[in-house]
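What follows is a set of notes on a single structure, which appears directly below.
Bear in mind that the values in this text are calculations on the coordinates, not laboratory data. Keep in mind that this is a model prediction, so the values were computed, not measured. Cβ coordinates were reconstructed from backbone atoms using ideal geometry, including for glycine residues, and neighbour counts include every protein chain displayed.
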Number of protein chains: 2
Amino acid sequence: MDRLRRDYEFADFAEALAFANRVGELAEERNHHPDILLHGYRHVRLEFWTHTAGGVTDADHALADACDALR
Amino acid sequence: MDRLRRDYEFADFAEALAFANRVGELAEERNHHPDILLHGYRHVRLEFWTHTAGGVTDADHALADACDALR
């Protein structure tokens with residue numbers, strides 16, 4: 001299934017985890033939950049898709065853009 | 001590089017994210033940070049390894065066991 005992917009780099013693990021929590025709060029508000037990968041100490045990868053649509057939708061792009069704004 | 005992997009399933013996204021935060025707190029205390037993947041709404045995968053050792057060490061097994069206890 002196609003996914004929309006966004007990668008972010010932070011100063012340290014704590015900053016990366018804080019971002020993951022902001023993304024999580026937004027995901028709960030929208031009831032739309034990306035996969036969130038904290039990796040390599042200070043990197044976060046987000047993957048967005050809509051299971052019921054079998055791929056990436058406008059809602060995924062909108063959520064990805066909103067996550068960019070939380071960086 | 002070999003990694004030690006642990007998979008967990010929770011009731012919902014909020015529980016999975018709360019667990020990820022407990023793991024993050026422990027990782028900071030030990031200054032040893034697994035990769036943390038929140039995926040499929042309520043699943044968490046942890047991957048442990050020691051970069052300087054080129055693989056999995058006793059410290060990784062100890063941290064994995066400690067994370068099990070945080071579930």
### Task
Taking each label point as 7 Å beyond Cα in the direction of the beta carbon, state the distances from A:ARG3 to the same residue in the other copies, shortest first, in nm.
1.2
## Note on the structure
Rounded to the nearest 500, the 222 nm mean residue ellipticity computed for chain B from DSSP H runs (n ≥ 4, each -39500 (n - 2.57)) alone is -14000 deg cm²/dmol
### Other protein chain Cβ atoms within 10 Å, averaged over every residue that makes up B:6-18
2
### Message
As I understand it, the value is the acute angle between the Cα axis of helix B:13-30 and the longest principal axis of the Cα atoms of chain B; what does it come to in degrees, rounded to 10?
### Response
30
### Task
Return the ratio Rg/(2.2 N^0.38 Å) for chain A, where Rg is computed over Cα atoms only.
1.06
### Max mean-square fluctuation residue, GNM over chain B, Cα-Cα springs under 10 Å, options B:ALA16, B:ALA53, B:ALA27
B:ALA53
### Summary
chain B: relative contact order from alpha carbon pairs under 8 Å, six or more residues apart, as a whole percent, is 41
### Task
Quick one: what are the phi-derived ³J(HN,Hα) couplings along the stretch A:65-71, Karplus 6.51/-1.76/1.60 with θ = phi - 60°, whole Hz, x for glycine and proline?
5, 5, 5, 3, 6, 8, 4
### Query
Long-range amide H contacts for B:GLY40: which residues qualify at under 5 Å (H placed 1.01 Å from N, peptide plane, sequence gap of 5 or more or a different chain)?
none
### Query
Roughly how many Å is it from the Cα centre of the stretch A:1-67 to that of the stretch B:10-58, as a whole number?
16
### Message
Once the label point is set 7 Å along the Cα-to-beta-carbon vector, what list of distances in nm do you get between B:GLU28 and its counterparts in the other copies?
### Response
1.8
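Over the residues of the protein assembly as shown, compute the C-alpha Rg and express it relative to 2.2 N^0.38 Å.
Normalised Rg, Cα atoms only: 1.04.
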